[in-house]
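The values are calculated or read from the model by the stated rules, or taken from the named source; none is laboratory data. Fair warning: this is a prediction, and the values are worked out from it, not measured in the lab. Reconstructed Cβ throughout: ideal geometry from the backbone, glycine too, with neighbour counts over all protein chains shown.
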Amino acid sequence: MSEEPGSVLEVLEQARKLLVEVGWTQHAFARNSRGHILESNDPTAVCYCALGAVFYISPSGSPLAGAAYKRLNAVIDGRDIVRWNDSPERKKEDVLEVYDKAIAQEMLP
């Protein structure tokens, strides 16, 4: 990332864009083209999980990443986004729908 986002909304929007343009995965924050598990900030990553995309945009442990994580969890009724992402029935479209809802909620006054 070249510039740290300034709001939770920006984190969510940029993470969603990353999932659309780069790719989505399960059971790892990120993977390379051979499917090997990576940290979300690894430059060789070609896909990310729902939370790994957040951590690529805003580092794990940052206040913005924490707030984005909480917003995503709230959309899925307080469940953990990582476990939800890794469910066998989960699809990329499901993850993008959660992001859309989180973004819409974040835009409310």
Legend entry - Residue satisfying all of: in the stretch 80-109; surrounded by fewer than 15 Cβ atoms within 10 Å (Cβ to Cβ) and either of a type in the set (Ser, Thr, Tyr) or modelled with pLDDT under 95 (or both); nearest to residue 19 (Cα to Cα) among these: 87
Inset, instruction - Just name the residue that is surrounded by the fewest Cβ atoms within 10 Å (Cβ to Cβ) out of those in the stretch 38-67 that are over 16 Å from residue 99 (Cβ atoms) and of a type in the set (A, V, I, L, M). - result: 46
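Of all residues in the stretch 1-37, which are charged (D, E, K, R), surrounded by 13 or more Cβ atoms within 10 Å (Cβ to Cβ) and either at pLDDT below 95 or under 23 Å from residue 89 (Cβ atoms) (or both)?
Within the stretch 1-37, 16, 31 qualify.
Applying the selection to the stretch 79-109, what residues are in a loop (DSSP other than H, G, I, E, B) and closer than 17 Å to residue 12 by Cα?
Those that are in a loop (DSSP other than H, G, I, E, B) and closer than 17 Å to residue 12 by Cα: 80, 108, 109.
Select from the stretch 15-66 the residues that are among the charged types (D, E, K, R) and outside any loop (DSSP other than H, G, I, E, B) and write down the one among them that is farthest from residue 5 (Cα to Cα).
Going through the qualifying residues, I end up with 31.
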Inset, instruction - Kindly establish whether residue 16 is touching a strand residue (DSSP E or B) at 6+ places or on another chain (Cβ under 6 Å) and on the phi < 0 side of the Ramachandran plot. - result: no
Legend entry - Residue count, the stretch 11-46 (criterion: without any contact (Cβ under 8 Å) to a residue 24 or more places away in the chain and within 18 Å of residue 66 (Cα to Cα)): 3
